[in-house]
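Working notes, beginning with the structure itself.
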Amino acid sequence: MKILVINCGSSSLKFQVINTVTNDCLAKGLCERIGIDGAITYQNLVKKLDKVKETPAIEDHRKAISLVLEKLTDPETGVVKDLSEIDAVGHRIVHGGERFTDSVIINEEVIKGIQEVSPLAPLHNPANLTGIRACREVMPKTPMVAVFDTAFHQTMPAKAFMYALPLHYYRDLKVRRYGFHGTSHKFVSEELAKYMGKDPQDLKMIICHLGNGASVSAVKYGQCIDTSMGLTPLAGLVMGTRCGDVDPAIVDYIESRENLTPSQLDEIMNKESGVYGLSNKLSSDFRDLWDARENGDRNAALALDVWAYRVAKYIGAYAAAMNGVDVIAFTAGIGENDAKSRRLVYQYLGYLGVDIDESVNDMTHGKIAELSTPVSRVRVFVFPTNEELAIAKDTERLVKTLNGSYYENLTK
Ligand code: ADP
């Protein structure tokens, strides 16, 4: 099948066309500054053409989708002859609340459901819905699937997802841990088990998704039992610009001392904190931080140390939660590419019996590799994630169950 994967933000739209037989990405791109002025970047990967960037006016998401479809069907630069070659659309949806525990075929009821959980992700879910509506207008006959960032974590037991707050906040406001990056944690845990020739049912795995946004999950016998992000993606690890776990009383303290509103501090905790904040706003990019650290910048050094210490503590916590760990995986931008940051993390793991081949670590950038030596008690891998492929595969799985009954489904 050829699947169009859409990841819609409030003013952006990322897309890829994926062939689920070969697992190849045929074309990809990004519409930006939607509703402001507009820009589209597009690349045909079949003909290995260079990336092209244009700046047409993009007044809304509907226009963005039309432009994407024009590019995909263009006789010169396109990857399909006409739209009927696109078998389905997979939409990344940030929050599925407690309602969505797996991907679903999109119909009216699903749209309502996504709307209902929107208060939990007020910036993201409405943008995701805009993408769904825009696609539906432009390609009404094409089946669409919603793939949720939260769904994989819905297997967490209550003892892992409950916060120790008055119970009615959970009952009335649905305040609990949800976790994010679920598509990535699911993909890496399943595909890595396959790669190892093992059944996930036999493994206790810790998946470290270390990108600009970052999270760790504990996957026991194929099911997520805990994860570091919470009600929102702000919790857990130190990230590029997000603070991760802090004492909640800090919020009131800083707001009153600095005369900030809750939304101002929320913005600071999401966009000006993490390694960016710790490095005194030097950079959120680990390449810059390592350069600065090696040139004697003490803030950059501290930022990287705080970051790695937090990852190591989560690994320790999840090893305890599962009463052991068989496999640790590093994935996403930093986990896949940054040997020095991986070393900062695994230097804490000797007590687990982790033994790393340093030369393999040094040589591994963006590809699958086993970092651990044969004597290591825990196997440690770099395993690249591919969220778009995971969305395409899930979309294919669900569309195959339709047997031509898409229209019936739409009106349910
Ligand atoms: P997200 O999807 O959350 O935006 P990514 O998983 O793409 O993040 O990770 C992006 C981050 O990965 C960059 O900000 C940078 O810190 C880090 N990164 C990417 N490539 C490298 C590299 N070669 N060496 C070190 N860090 C890298």
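The values are calculated or read from the model by the stated rules, or taken from the named source; none is laboratory data. Fair warning: this is a prediction, and the values are worked out from it, not measured in the lab. When we count neighbours, we look across all protein chains shown, and the Cβ atoms used for this are built from the backbone with ideal geometry, even at glycine. Accessible surface is based on the protein model in full, side chains and every heavy atom, while ligands, DNA and RNA are left aside. Shrake-Rupley method; radii C 1.70, N 1.55, O 1.52, S 1.80 Å.
Values computed for the structure shown
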read-out	value
Residue satisfying all of: in the stretch 294-338; open to solvent by 60 Å² or more (accessible area, probe 1.4 Å) and over 16 Å from LEU349 (Cα atoms); farthest from the ligand (Cβ to nearest atom) among these	ARG298
Selection count, the stretch 34-57, where residues are among the β-branched types (Val, Ile, Thr) and at pLDDT 95 or above	3
Filter result for VAL345 (touching a Cys at 6+ places or on another chain (Cβ under 8 Å) and of a type in the set (A, V, I, L, M))	yes
Residues of the stretch 212-253 satisfying the condition of being open to solvent by less than 10 Å² (accessible area, probe 1.4 Å), within 16 Å of the ligand (Cβ to nearest atom) and closer than 14 Å to HIS185 by Cβ	ALA214, SER215, VAL216, SER217, THR227, SER228, MET229, GLY236, LEU237
Test: residue in the stretch 280-288 that is more than 16 Å from the ligand (Cβ to nearest atom) and either surrounded by fewer than 20 Cβ atoms within 10 Å (Cβ to Cβ) or closer than 13 Å to GLY240 by Cα (or both)	yes
Complete set of residues in the stretch 174-211 that are among the polar types (S, T, N, Q) and either open to solvent by 20 Å² or more (accessible area, probe 1.4 Å) or within 16 Å of the ligand (Cβ to nearest atom) (or both)	THR183, SER184, GLN201
Count of residues meeting criterion [polar (S, T, N, Q) and over 19 Å from GLU336 (Cα atoms)] in the stretch 192-227	3
Selection count, the stretch 339-396, where residues are away from the ligand (no atom under 16 Å from the Cβ), of a type in the set (D, E, K, R) and in contact (Cβ under 8 Å) with a residue 24 or more places away in the chain	5
